[in-house]
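Engineer: I have a structure here, written as structure tokens, and I will follow up with some questions on it.
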Amino acid sequence: MNQAIQIEGVWYKMYSRGQFAVIGKVGRKALRLYEEAGLLIPTSKREDNGYSYYTAEQFEELLRIKEYRKFGFSLKEIKQIINGEVNEKTALTEREVQLEHEIQNSISVKLQLEKYASGQRMNAQEEYEIGRKLFTEKTILFRKENIEAEDLGVSVGKLYEIAAQNGLIAVDSHYVRYDKVFEGNGEFFMETCLPVADTHILQEEFLKKEEPAFCIYTVHRTGFSTICKAHQKLKEYAEMNNIELTGKVFEVYNRDMSAEIYYEICTV
């Protein structure tokens, strides 16, 4: 039997956890997890049996949580969004970029799976054409940080959000720049970068000029997960041709799932 509760003079129809789960198309275990996370707390609990009850108005809260879960947000991330600790638009933009990377990686895995199914092996060597090319000067939005590879999508998403907030237009593929990659101590620095149309607000915190760099380069076309092969070929090429490298490396990620790899060379 449904109960009712009076809040500020208004009577609200109550639903038990089981009823709320059935109507809301969610598991009772999930509701308990939402309660533990501080996301969806029952309006009341009976002292005699410990049963939890929800109001009809809480279905809207449930729908919002389910929507965020569908987008792949964790309960902690959802709570931050709902509490206003994280801007919703920023979080959605970052998640969109992450999904784009996941989709591209899934397509790459599918292509590799098809090769396996047809009797081809993944250890077939990709042909790399190595040349010399100028990494041209450009205005970039950047974030200087050392993060794990799987978190690159988050960092790039933040750059797109900053661009949108400042009315800047992305004009080329985003990339990652590494500095001091070949230092003996193993330490290096990295920046995620987004080229944008030239602008007069160069004093912005995340905006600067990328200086031109003369490089050896190649293009990797078989998915970002195997990009190490391109790096190996460039390093071997430099060693075989006695080319001195500065330790500055660029990885440019294109929408067609190819990646351009640049190694800056020392010039006199």
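The values are calculated or read from the model by the stated rules, or taken from the named source; none is laboratory data. Computed from a predicted structure; not experimentally measured. Here Cβ is always computed from backbone atoms with ideal geometry, including for glycine, and neighbour counts include all displayed protein chains.
This table checks each residue for (1) at pLDDT below 85; (2) among the polar types (S, T, N, Q).
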{"site": "GLY167", "(1), (2)": "yes, no"}
{"site": "SER173", "(1), (2)": "no, yes"}
{"site": "SER225", "(1), (2)": "yes, yes"}
{"site": "LYS235", "(1), (2)": "no, no"}
{"site": "ALA238", "(1), (2)": "no, no"}
{"site": "PHE250", "(1), (2)": "no, no"}
{"site": "TYR253", "(1), (2)": "no, no"}
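Engineer: Just to verify a result, which residue in segment 50-106, among those that are part of a helix (DSSP H, G or I) and of a type in the set (Ser, Thr, Tyr), is nearest to THR222 (Cα to Cα)?
Structural biologist: Filtering segment 50-106 for residues that are part of a helix (DSSP H, G or I) and of a type in the set (Ser, Thr, Tyr), the one nearest to THR222 (Cα to Cα) comes out as SER106.
Engineer: Hey, another quick one. Give me the pairs: first residue in segment 81-98 and in contact (Cβ under 8 Å) with a residue 24 or more places away in the chain, second residue among the aromatic types (Phe, Trp, Tyr), beta-carbon distance under 8 Å, and six or more apart or on different chains, which are they?
Structural biologist: THR93/TYR160; ARG95/PHE71; ARG95/PHE73; VAL97/TYR160
Engineer: To continue, here is another question. Select from segment 44-89 the residues that are crowded, with 17+ Cβ neighbours inside 10 Å, closer than 13 Å to PHE20 by Cα and aromatic (Phe, Trp, Tyr) and write down the one among them that is nearest to the chain's Cα centre (by Cα).
Structural biologist: The residue in question is TYR54.
Engineer: Of everything in segment 128-144 that's surrounded by 12 or more Cβ atoms within 10 Å (Cβ to Cβ) and assigned to a loop (DSSP other than H, G, I, E, B), which residue is nearest to the chain's Cα centre (by Cα)?
Structural biologist: Within segment 128-144, the match that is nearest to the chain's Cα centre (by Cα) is TYR128.
Engineer: Looking at (1) modelled with pLDDT under 85; (2) under 26 Å from VAL97 (Cβ atoms); (3) of a type outside the set (A, V, I, L, M, F, W, C), which one does THR267 not meet, given that it meets all the others?
Structural biologist: The number of the failed condition is (2).
Engineer: Here's a follow-up. I'd like the residue in segment 236-253 that is surrounded by 17 or more Cβ atoms within 10 Å (Cβ to Cβ) and over 13 Å from ARG132 (Cβ atoms) and, out of all such residues, is nearest to the chain's Cα centre (by Cα). Walk me through it before giving the result.
Structural biologist: Quick first cut of segment 236-253, residues surrounded by 17 or more Cβ atoms within 10 Å (Cβ to Cβ) only: 238, 245-246, 248-253.
With over 13 Å from ARG132 (Cβ atoms) added as a condition, the list becomes 246, 248-253.
Numbers: THR246: 29, LYS248: 23, VAL249: 21, PHE250: 19, GLU251: 16, VAL252: 16, TYR253: 13 Å.
Among them, the one singled out is TYR253.
Engineer: Still on this structure, please answer the following. Taking segment 212-240 as the region of interest, how many residues are assigned to a helix (DSSP H, G or I) and under 21 Å from ILE140 (Cβ atoms)?
Structural biologist: Within segment 212-240, the subset assigned to a helix (DSSP H, G or I) is 224-226, 228-240.
Applying the additional criterion that residues be under 21 Å from ILE140 (Cβ atoms) yields 224.
Residues meeting the conditions: 1.
Engineer: Out of ILE261, ILE243, which single residue is aliphatic (A, V, I, L, M), in the same structural domain as LYS144 (by TED's automatic domain parsing) and part of a loop (DSSP other than H, G, I, E, B)? Show your work before the answer.
Structural biologist: Values: ILE261 fails: part of a loop (DSSP other than H, G, I, E, B).
Only one candidate qualifies: ILE243.
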